[in-house]
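Presented below is the structure to which this report refers.
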Amino acid sequence: MLDRQVSENADARRAERSVEDTDAAALVAELIARARKAQEIANRYDQARTDLLVAAAGWAIMEPSRNRTLAELAVADTGLGNVADKIQKNHRKTLGLLRDLNGAKSVGIIAEHKETGIVEIARPVGVVAAITPSTNPGATPANKIINALKGRNAVILAPSPKGWTTCAKLVAFVHAEFDKLEAPRDLVQVLPAPVTKATTRELMRQADLVVATGSQANIRAAYASGTPAFGVGAGNVASIVDRSADLAVAAKQIAVSKCFDNATSCSSENSLVLHAGIFEPMLDTLAKNGGVLLDAQERQRLEAVLFPGGKLSPELIAKDAPTIAAKAGLRDERFRSARFLMVAETGFGPAHPFSGEKLSPVLAIYRAADFSEAIRIVERIYAYQGAGHSVGLHTHDEGQAIELGLRLPVSRVIVNQAHCIATGGSFDNGLPFSLSMGCGTWGRNSFSDNMNYRHFLNITRVSRVIPESVPDEAEIFREYFARTSPRSGQAGRGAG
């Protein structure tokens, strides 16, 4: 009898899901159809007209009163981060992206290579499904909208449920700017509330390209959708502070990075690896920048509330340090003005949760005897979580940066910079402005760049005849034959 009831309940759930999937497919199909009609119009735009669309979408979020509205909505609805930093992020990330796109060719012929006879022509990818997180419900959708428009694509946003109101308001602002240009509103759409797994899944299935930022569940779903996809890896950034570093500058940069928007960024440091020779002085300098080092008992209490059952508590993600400390029962005077909390760590993996991503102003502190040991520590951290993303380095020895790039499984080495500010592009480095960082195959991603407008383009290549260039077989194999079989290294050896 019980087995029969269980079977009937399972059948009912399957039937319910079937109806939900059918409804989702129809809803998404309508949005896609509207997007395709709008994209057909944009496909006829020249570069100048396309760049006006880009500027319109940029101004939709950068106009000061709208920026504040979006930032306030984001914090009110998600409970993540703080308004002042979100205002700065919305402005800075969008302005930087517009700088990157200014003068960039994305329509028609974008490159001619006379030496190879190749001409590159930019073509749209079509309709983009943009999956966006609750941590940045304004800045991340804006970044994807602008990049998609630069390629004359239509884009449909699938925000996290908590971020839907902010995202929908942003889309309304974009539409208001489009009206000034008489551009089709359906170039930019958002899934209607409530956003469900079924509608998001259908959007990914029916679109031409998926660009996904957020939880690893969303990233895996994007790659499994059957649609070409760009997804990003998990963050868990470690930074090394070498004995040659300027400790005052390094501590200030680390504090700025760790505290910005209450560490909502996947690029915020989660661990610091300090050279033993500067371990105590660096801790003192971090303390002067608002860091509070917990003793063993305090550490235990923090772990209990930050990782209940061994998993990161959603209630404490992106809260400020005093709030987190109070939740752990740490109410001493030193915690009331803390900017970030520090815990000593020596282990790695699930049994040592502080070695993983914390999405909060909490830092794990490791001691390394020398630079080689520092690299080994970071390798073990990334073997647990964060492989492919990036590593920070504070040093006066520039050769160390190349060594990290050669040895660690990272797509970026950020040298002497505030990590979360620099990783996604900065006005004083050469990385593209982005809120979506590819982590390569290390992070189970299909790309290792900062996501940028070129990821939203198809490139058609025209190939023309050039002077024939046939290599000399003896020259090609000279070194190989010299090392393996000098006597049989005659030209034409393998010709048939």
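Show that you can apply the helix-only estimate: for the chain, add -39,500 (n - 2.57) for every DSSP H stretch of four or more residues, divide by all residues, and state [θ] at 222 nm to the nearest 500.
Dividing the helical sum by the residues of the chain leaves -14500 deg cm²/dmol.
Specify, per residue and in Å³, the volume enclosed by the convex hull of the alpha carbon atoms belonging to segment 237-422.
Looking at segment 237-422, the number lands at 97 Å³ per residue.
Give me the Debye-computed log₁₀ of I(q)/I(0) at q = 0.07, 0.11, 0.13, 0.18 Å⁻¹ for segment 18-232, equal point scatterers on Cα only, no solvent, two decimals.
-0.21, -0.51, -0.71, -1.30
Quick one: if the Förster radius is 41 Å, what FRET efficiency do THR116 and ASN43 give, using the C-beta to C-beta distance and rounding to 0.05?
The calculated FRET efficiency here is 0.90.
What whole-number value in cubic angstrom gives the convex hull volume per residue for the C-alpha atoms of segment 240-347?
It comes to 106 Å³ per residue, whole-number rounded.
Express as a percent, rounded to the nearest 5, the fraction of DSSP beta bridges in the chain (both residues included) that run antiparallel.
If we restrict to bridges inside the chain, about 25 percent are antiparallel.
Extension gain ALA474-LYS180, at 0.36 nm per residue separation less the Cα-Cα distance, in nm?
Fully extending the segment from ALA474 to LYS180 adds 99.3 nm.
Could you tell me which GluC sites (Glu not before Pro) in segment 406-478 are loop residues by DSSP with no more than 13 other beta carbons within 10 angstrom of their beta carbon?
Sites meeting the loop and neighbour criteria: GLU468.
Give the distance, in whole Å, between the Cα centre of segment 424-452 and the Cα centre of segment 75-137.
Centre-to-centre (Cα) distance: 11 Å.
Test of understanding: ordering ASP320, ASP428 by Cβ neighbours within 10 Å, fewest first, what list do you get?
So the residues, fewest neighbours to most, are ASP428, ASP320.
Return LYS162, LYS86 ranked ascending by Cβ neighbour count within 10 Å, so the fewest neighbours appear first.
Fewest-to-most Cβ neighbours within 10 Å comes out as LYS162, LYS86.
Ranked highest first by the average count of other Cβ atoms within 10 Å around their residues, in what order do 110-123, 333-346, 206-219, 228-241 fall?
Ranking, from highest mean packing down: 228-241, 206-219, 333-346, 110-123.
Quick note: the coordinates plus some simple rules give every number you see, no bench work behind them. Nothing here was measured: the structure is a model prediction, and the numbers come from that model. We place every Cβ from the backbone using ideal geometry, glycine too, and count neighbours over all the protein chains shown.
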